[in-house]
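Heads up: the structure comes next, in structure tokens.
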There are 2 protein chains.
Amino acid sequence: MESPVNIKKLAQLLNLSIATVSKALRDSHDIGQETKEKVIALAKELNYQPNPHASFLRKHNSKTIAVIIPEIANNYFTLAINGIESVADEKGYHVIIYLSHENVDREVAFSRHLHSGRADGILISVSSTTTDYTHLHDLQKKGLPIVFFDRVCEDFNTVKVTTDDYQSGYLATKHLIDQGCKRIAHLAISTSISIGNNRAKGYLQALQDHGVMTDESFLIECINNTVLDTELIKDLFLHIKPDGIFAAVERYAIICYEICEELGLNIPQDVKIISFSNIQTASLLNPSMSTITQPAFEIGREAATMLLKKLEKKNFELKDETIVIQSKLIPRKSTMM
Amino acid sequence: MESPVNIKKLAQLLNLSIATVSKALRDSHDIGQETKEKVIALAKELNYQPNPHASFLRKHNSKTIAVIIPEIANNYFTLAINGIESVADEKGYHVIIYLSHENVDREVAFSRHLHSGRADGILISVSSTTTDYTHLHDLQKKGLPIVFFDRVCEDFNTVKVTTDDYQSGYLATKHLIDQGCKRIAHLAISTSISIGNNRAKGYLQALQDHGVMTDESFLIECINNTVLDTELIKDLFLHIKPDGIFAAVERYAIICYEICEELGLNIPQDVKIISFSNIQTASLLNPSMSTITQPAFEIGREAATMLLKKLEKKNFELKDETIVIQSKLIPRKSTMM
DNA sequence: TTGAAAGCGCTAACAG
DNA sequence: CTGTTAGCGCTTTCAA
């Protein structure tokens with residue numbers, strides 16, 4: 001167990017004061033060229049790493065951003081993290097990940113914890129059970145910048161990065177109508193969160209605009225519990241007998257595929273399916289699945305870019321705006337005529 | 001922007017000394033019961049969160065563990081993170097994630113950075129380009145506990161958590177033989193890393209034990225670049241014409257599915273495919289894919305459990321041992337007779 | 001049972 | 001150009 005190499009040790013070894021070493025390392029203007037070089041050389045040799053906790057105490061930044069997401073075993077969030085990480089890495093920031101598991105209480109607990117200075121800023125995609133945002137407002141009041149992505153809080157005064165959920169919901173539904181569907185169901189995520197609500201609204205509007213019959217029983221609000229959701233969806237198949245399904249989330253579409261197999265229903269002859277999804281194997285499914293694919297990486301990247309701009313630039317403020325990055329509808333066999 | 005609530009403020013408000021408040025909060029034996037209660041009540045009321053950076057400086061622990069993995073858009077690592085997070089969360093630890101993108105240089109840079117005290121311990125699955133481990137040994141010398149999972153360094157003096165790669169490779173190959181395959185190829189990950197090497201060895205041994213023909217051209221070492229790997233694998237199909245494929249990694253199997261579609265090859269009639277995989281949709285692929293499914297969540301959980309035991313228990317040491325958690329072979333249509 | 005004071009590693013204001 | 005010094009928020013002797 002080697003002794004730690006800190007600024008004090010460097011100073012001793014070089015016969016300089018601690019302050020001089022500190023300034024040399026930060027390339028301060030008022031240190032001589034040779035001194036700087038000597039310091040930097042020794043620092044490199046000993047693999048000196050400034051202690052981030054100590055410098056936090058002075059500068060009040062930890063060079064860390066917190067990412068709060070509902071789950072990680074999910075292609076969308078995984079790609080978004082890649083996007084976030086790519087910009088954090090460029091700017092020398094570290095990424096701490098918190099998983100809310102779709103549970104507000106956990107989200108609140110994390111938020112509380114973040115009052116401690118562990119992170120300089122927050123990227124969040126709220127859980128499906130979040131309806132009250134005071135935990136996040138408290139954080140913002142404390143001066144912690146927050147940027148929302150994907151599942152945003154629409155009336156929160158900050159930058160929100162999202163995709164065109166309403167428009168995409170509309171297009172997905174329109175696509176099913178164009179393919180001849182008459183009984184189109186929608187598997188929604190909690191309509192109390194932005195994306196769930198917007199996707200459902202797009203669905204309803206498309207139906208209305210094209211005179212397709214519907215009633216509440218065609219719109220199922222799933223609960224993010226595989227067992228219960230499977231029951232709900234099976235009920236839908238048995239009682240409503242839809243000929244078209246628009247799933248707001250990949251997992252629900254997967255459940256549909258499984259149920260169809262179980263019930264001996266043929267996709268797309270008996271029922272056509274389209275889903276929001278970032279699954280890599282959509283084209284290899286049986287049958288290949290039509291998707292609305294979100295620019296997950298770009299959304300993560302954009303959200304992180306905004307947050308880091310706020311952290312790094314003195315005069316940059318997070319405006320109250322929504323940045324929309326378009327999704328793409330990719331038709332495949334699951335919605336073929 | 002509210003003023004921060006720190007221990008000093010609590011002390012002022014309560015007319016106590018900072019020291020007393022500190023001790024009361026840590027439930028020290030030499031503080032009066034009523035004093036404790038008053039302190040704790042106010043702390044809760046004001047949502048006091050101890051500053052982790054300040055306490056690090058004294059106690060030299062940050063209640064944070066670092067996880068270094070090759071990539072995150074991967075079902076295996078995603079599940080492992082869930083496992084890791086589940087135990088970190090129980091013990092009040094935070095998880096920082098570093099993505100090496102299969103690049104040793106990044107891994108080395110992260111390791112260097114971790115000399116700073118940012119994390120108390122490290123969980124790592126090494127990149128496929130890592131052959132030298134001095135960056136990790138340096139960390140260990142400094143007193144930072146390291147636990148390997150999945151892609152381990154076999155002769156590193158610490159706990160390694162992994163699955164039975166050799167055995168699974170053997171069984172997968174045996175399964176193909178049992179299904180009548182005569183020309184069995186293996187798509188390996190870098191055989192310079194443990195799991196790649198062990199899976200390949202199991203493959204070779206199974207072939208030998210059952211007298212199945214082979215030569216080097218049947219063992220393709222992929223490079224983790226989709227474009228190049230696709231070329232390599234397409235060459236394999238065109239020139240070697242295997243009738244059985246054992247993929248060491250999900251992504252290679254996916255590429256095989258795509259190539260088969262392109263070349264008009266029929267799975268499983270023309271070629272049978274089995275792969276290590278944690279993909280959720282394996283059973284929905286066309287045809288459903290036989291897999292060796294690793295207990296990813298449990299592996300993450302076990303690795304994190306060992307690391308946290310080391311961090312929390314005074315007398316617990318990380319022994320030089322390998323903990324093996326069994327994988328499961330799930331036969332599906334892609335290897336049907 | 002409580003409080004005063006030192007110090008963790010670092011930065012920055014100020015002196016020299 | 002370099003050094004002295006105070007102090008970030010907290011824990012921890014040690015003294016009262």
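To the nearest 20 debye, what charge dipole does region A:47-133 have about its Cα centre, counting +1 at the Cβ of each Lys and Arg and -1 at the Cβ of each Asp and Glu?
Here region A:47-133 has a charge dipole of around 480 debye.
Considering only A:PRO52, A:PRO70, A:PRO287, give the residue with the highest GNM mean-square fluctuation for chain A, with springs between Cα atoms whenever their separation is below 10 Å.
Judging by the Gaussian network model, the answer is A:PRO52.
Please compute the net charge surrounding A:TYR170, taking Lys and Arg as +1 and Asp and Glu as -1 over other residues with Cβ under 13 Å from its Cβ. Write out the running numbers ahead of the final one.
Numbers: positive: A:LYS174, A:ARG199, A:LYS201; negative: A:ASP164, A:ASP165, A:ASP178, A:ASP209.
My count for the surroundings of A:TYR170 gives -1.
Suppose each label sits 7 Å from its Cα in the direction of the beta carbon; what would the B:LYS201-A:LEU263 distance come out to in nanometres?
The modelled label-to-label distance comes out at 5.1 nm.
Which log10 I(q)/I(0) values does region A:165-293 give at q = 0.12, 0.19 Å⁻¹ under the Debye formula, counting every alpha carbon as one identical point scatterer?
At q = 0.12, 0.19 Å⁻¹ the computed log10 ratios are -0.37, -1.02.
If you consider only alpha-carbon coordinates, what radius of gyration and Dmax does the protein assembly as shown have, in Å?
27.5, 84
Exposure proxy check: A:VAL212, B:VAL152 ranked by fewest other beta carbons within 10 Å?
Working: A:VAL212 18, B:VAL152 24.
Ordered from fewest to most neighbouring Cβ atoms within 10 Å, A:VAL212, B:VAL152 come out as A:VAL212, B:VAL152.
Based on DSSP, what percent of beta bridges with both residues in chain A are antiparallel, to the nearest 5? Mind showing how you got there, number by number?
Values: 3 of 36 bridges.
Looking only at bridges with both residues in chain A, the antiparallel portion is about 10 percent.
Can you give me the orientation-averaged projected area of the convex hull built on the Cα atoms of chain A, in nm²? Could you put the intermediate results ahead of the total?
Values: hull surface 84.4 nm².
Reported value for the Cα convex hull: 21.1 nm².
Tell me, in nm to one decimal, what length is gained between B:PHE316 and B:LYS234 on full extension, where the rule is 0.36 nm per residue of separation less the Cα-Cα distance?
Numbers: separation 82, 0.36 × 82 = 29.52 nm, distance 5.06 nm.
Gain on extension, B:PHE316 to B:LYS234, equals 24.5 nm.
Give me the dipole magnitude in Debye, nearest 20, for chain A about the Cα centre, with unit charges on the beta carbon: positive for Lys and Arg, negative for Asp and Glu. Intermediate values should be presented prior to the final figure.
Numbers: 36 positive and 41 negative charges, 277 e Å.
That gives chain A a dipole magnitude of about 1320 debye.
Quick one: if you stick a label point 7 Å off each Cα along the C-beta vector at B:VAL324 and A:ILE223, how many nm between them?
Result: 4.3 nm between the two label points.
Under a no-solvent Debye model with one identical scatterer per Cα of region B:100-258, what's log10 I(q)/I(0) at q = 0.09, 0.12, 0.13, 0.17 Å⁻¹?
-0.35, -0.59, -0.67, -0.96
Just going by the charge dipole of chain A, with Lys and Arg at +1 and Asp and Glu at -1 on Cβ, which of A:VAL5, A:ASN157, A:GLN167 is farthest out on the positive end?
Toward the positive end, the furthest listed residue is A:VAL5.
Restricting to region A:165-293, compute how many DSSP beta bridges are antiparallel as a %, nearest 5. Don't skip to the answer; put the middle values down first.
Values: 0 of 14 bridges.
Among the beta bridges of region A:165-293, antiparallel pairing accounts for roughly 0 percent.
At q = 0.17, 0.23 Å⁻¹, what is the log10 ratio I(q)/I(0) for region A:222-277, with the Debye formula run over Cα points and no solvent?
Debye intensities relative to I(0), on a log10 scale: -0.46, -0.87.
Can you tell me the Rg and Dmax of region B:191-245, counting just the alpha carbons, in angstroms?
Over region B:191-245's Cα set, Rg and Dmax evaluate to 12.2, 34 Å.
Just A:ALA54, A:ALA303, A:ALA282 to compare: in a GNM of chain A, with alpha carbon springs under 10 Å, which one fluctuates most?
A:ALA54
Considering the zone a paramagnetic label at B:THR134 would reach in this model (a point 7 Å from Cα along the Cα-to-Cβ line), which residues of region A:43-71 have amide N under 20 Å from it?
Residues passing the 20 Å test: A:43-49.
Rounded to the nearest 20 Debye, what is the dipole magnitude of region B:248-337 about its Cα centre when Lys and Arg each give +1 and Asp and Glu each give -1 at the C-beta? Please report the intermediate quantities before stating the final value.
Working: 11 positive and 11 negative charges, 87 e Å.
For region B:248-337, the charge dipole is close to 420 debye.
With springs only between Cα atoms under 10 Å apart, run a GNM on chain B and tell me which of B:THR293, B:THR20, B:THR281 wobbles the most.
B:THR20
Give, as a single signed number, the net charge of other residues whose beta carbon lies under 13 Å from the beta carbon of B:SER277, with Lys and Arg counted +1 and Asp and Glu -1.
Taking every other residue near B:SER277 into account, the sum is +3.
With both bridge residues required to lie in the protein assembly as shown, what share of the DSSP beta bridges run antiparallel, to the nearest 5%? Walk me through the numbers before you get to the answer.
Details: 8 of 75 bridges.
About 10 percent, rounded to the nearest 5.
State the extension gain, in nm to one decimal, for the chain segment bounded by B:ALA41 and B:LEU13, taking 0.36 nm per residue of separation less the distance between their alpha-carbons. Write down the numbers at each step before the final one.
On the way: separation 28, 0.36 × 28 = 10.08 nm, distance 1.21 nm.
Answer, rounded to one decimal: 8.9 nm.
Bin by bin, in steps of 5 Å, what percent of the Cα pairs in region A:266-323 do you find, going until the bin that has the longest distance?
Whole-percent P(r) values from 0 Å outward: 4, 14, 18, 14, 10, 8, 9, 9, 7, 4, 2, 1.
Give me P(r) over region A:70-112, computed from all C-alpha to C-alpha distances, binned every 10 Å, as integer percentages.
26, 43, 29, 1
Using only C-alpha atoms and all pairs of different ones, pull out the Kirkwood radius for region B:7-50 in Å with one decimal. List each step's numbers first, then the result.
Details: mean 1/r = 0.1001 Å⁻¹.
One over the average 1/r among Cα pairs gives 10.0 Å for region B:7-50.
Neighbouring Cβ atoms within 10 Å as the yardstick, rank A:MET289, B:MET306 fewest first. Could you put the intermediate results ahead of the total?
Numbers: A:MET289 29, B:MET306 25.
Final ranking by Cβ density, sparse to dense: B:MET306, A:MET289.
Does region B:1-76 come out rounded, prolate or oblate, given a ≥ b ≥ c as the square roots of the eigenvalues of its C-alpha gyration tensor, rounded meaning a/c under 1.5 and, failing that, prolate meaning a/b above b/c?
Cα axes put region B:1-76 in the prolate bin.
At a Förster radius of 60 Å, what calculated FRET efficiency corresponds to the Cβ-Cβ distance of A:HIS210 and B:ARG58, to the nearest 0.05? Please list the in-between numbers first.
Details: r = 67 Å, r/R0 = 1.12.
The calculated FRET efficiency here is 0.35.
Based on DSSP H runs of at least 4 residues, each adding -39500 (n - 2.57), what is the mean residue ellipticity at 222 nm of the protein assembly as shown after dividing by all its residues, to the nearest 500 deg cm²/dmol? Spell out each step's value before the answer.
Numbers: 24 runs with 284 residues, N = 674.
Rounded to the nearest 500, it is -13000 deg cm²/dmol.
Coordinate-derived values only; no laboratory data. For clarity, every value in this text was computed on a predicted model and none was experimentally measured. Note: ideal-geometry Cβ built from the backbone for every residue, glycine included; neighbour counts use all protein chains shown.
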